[in-house]
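Here is the structure we will look at.
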Amino acid sequence: MKKKKILVHGTLDSLKKFFSDAVSNDYDVVAVISDEAEKISPIRNGRPIDVLATKNVPTFVLRLIDGIIFTGNDKSSAEIFFRQGIDPKKIILWDAAQGWLPFGGQEPDGTQVVFFCGLEFHIRSEDDAKFFNETVRRLQTQRQVKNLNPQLYPIALMQDYQRRMGRPFDFNKPQTFTEKLQWIKILDATPLKSRLADKYLVRRWVAEKIGEQYLIPLLGVWDDFDDINFDELPDQFVLKCNHGSGMNIIVRDKKSFNRQQAREKLNAWLAVDFGAQPALEFHYTRINPKIIAEKFMSNGDLPDLIDYKFVCINGKIIYCQYLTDRSTELKVNYFDENWQPTTVERSDHPRSDHPEKIRRPKNFKLMKKLATTLAEGFAFVRVDFYEIDGKVYFGEMTFTPGAGNYSYKSEGTDEYLGSLLTLPTPTPPPRLF
């Protein structure tokens, strides 16, 4: 996704603070606007930036740029431009102390319309409010993480791990599986992992490794929601972002599909750097965010697809996770490579009552072969497949499932998996731009 072309408005002091903020690098600054224009001569990436007096901004410029960032929480100046007819989605409020700030109002029908960081939200329900608040939290946290001194990454990760898991660990001497995954998140976030965690770019790699017949058909890929021609899509399809986890919209009936709601969600997801979050899954930060559409896949009358997730350590399959009942109460069962149920159980999701009665998938042998091929060369990766109408389809490759913070009910699981995992040679972490 291209950087937005923006103007930055503020005083000499607020502009200095903004340009010292890491998130200022997320934008292509076209010019600076200020009532103190004669005092300002900003230089960015070795080149001077044009400075305009507030009263001299040409109207056509406002039509060409993607937004104006008003620094120092300057709502009064924002209102002046708003009265000049600028789209409210182009107005972005930033403050050095508070970060990004929302603004908006209420429509006659009670809908709350909120603009935040160049995004638009229509809040009509508790779910809408929850999604908006989650977006605010993510983008504010993203700013904090991007401003973090790289030397403090291990400390920040140890603190996050203790908060999530309830116990400390030594980043320099990780022992358990989840501890080693924390180390991997910072010191093994390679460019190849970024490519393979990208739900769009991974397709070519998978096609080269095992064959394109295992890929779910791709219906389209876009940088912007407004570029999607829904008339060209079938009645059922799946929309998802390529650069993170949990960014999916399943469309079972295009006629009843709420496009406005989908637009707001997907645009909000596109704005998130999934690597610049407290869990520090750095391999995601290199991914160029996109929207992709895939064919809607179903398995007969079953309400959900069944996931077969192969846990691979040092290129060898350790377990196959069998996931079912997503729409009701997700159940996770662990089988060994011979499809024998194990005692492994996660704390967040229960096992089935009788895992011994779960049938071995028809293509289990083939899936094991494909998973082993894709896992070759990685200290750890989880390779996911589906079995639909007797055929195998690739799901995704995940290098830090659950951000490396799974908790197990089964005693000794974390320690056992940790004993199997040999850490690779460390590599420098990517920069958070």
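Descriptive notes on the structure:
- Picking from residues in the range 194-236 that are of a type in the set (A, V, I, L, M) and in a loop (DSSP other than H, G, I, E, B), the one that is surrounded by the most Cβ atoms within 10 Å (Cβ to Cβ) is Ile228.
- Restricting the range 254-312 to residues that are part of a strand (DSSP E or B) and assigned by TED's automatic domain parsing to the domain that holds Val392 leaves a set whose member that is modelled with the lowest pLDDT is Asp307.
- Any hit, the range 172-180, residues being surrounded by fewer than 20 Cβ atoms within 10 Å (Cβ to Cβ) and within 20 Å of the chain's Cα centre (by Cα): no
- Identity of the residue in the range 334-349, under 26 Å from the mean Cα position of the chain (by Cα) and not acidic (Asp, Glu), that ends up modelled with the lowest pLDDT: His349
- Qualifying residue in the range 111-134 (condition: touching a His at 6+ places or on another chain (Cβ under 8 Å), within 22 Å of Ala276 (Cβ to Cβ) and part of a strand (DSSP E or B)): no
- The set of residues from the range 9-19 being more than 27 Å from the chain's Cα centre (by Cα) and either buried (at least 18 other Cβ atoms within 10 Å of the Cβ) or not aliphatic (A, V, I, L, M) (or both) comprises His9, Gly10, Thr11, Asp13, Ser14, Leu15, Lys16, Lys17.
- Within the option set Glu179, Glu208, being of a type in the set (Asp, Glu) and in contact (Cβ under 8 Å) with a residue 24 or more places away in the chain holds for one residue only, Glu179.
Residues checked against (1) basic (Lys, Arg); (2) touching a Cys at 6+ places or on another chain (Cβ under 9 Å); (3) within 23 Å of Thr328 (Cβ to Cβ):
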position: Ile358; (1), (2), (3): no, no, yes
position: Lys362; (1), (2), (3): yes, no, no
position: Lys365; (1), (2), (3): yes, no, no
position: Lys368; (1), (2), (3): yes, yes, no
position: Leu374; (1), (2), (3): no, yes, no
position: Gly377; (1), (2), (3): no, no, no
position: Ile388; (1), (2), (3): no, no, yes
position: Lys391; (1), (2), (3): yes, no, no
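- Taken over the range 382-420, the criterion of being buried (at least 17 other Cβ atoms within 10 Å of the Cβ), aliphatic (A, V, I, L, M), within 25 Å of Ala279 (Cβ to Cβ) and more than 18 Å from the chain's Cα centre (by Cα) is satisfied by Val383, Leu417.
- Applying the condition of being surrounded by fewer than 17 Cβ atoms within 10 Å (Cβ to Cβ) and not acidic (Asp, Glu) to the range 364-380 and asking which residue is farthest from the chain's Cα centre (by Cα) yields Lys365.
- Residues of the range 237-260 that are buried (at least 16 other Cβ atoms within 10 Å of the Cβ) and either under 23 Å from Leu201 (Cβ atoms) or not aromatic (Phe, Trp, Tyr) (or both): Phe237, Val238, Leu239, Lys240, Cys241, Asn242, His243, Gly244, Ser245, Met247, Ile249, Val251.
The values are calculated or read from the model by the stated rules, or taken from the named source; none is laboratory data. This structure is a prediction, so every number in the text was calculated from the model and none was measured. Quick reminder, even Gly has a Cβ in these numbers, built from the backbone with ideal geometry, and neighbours come from all protein chains shown.
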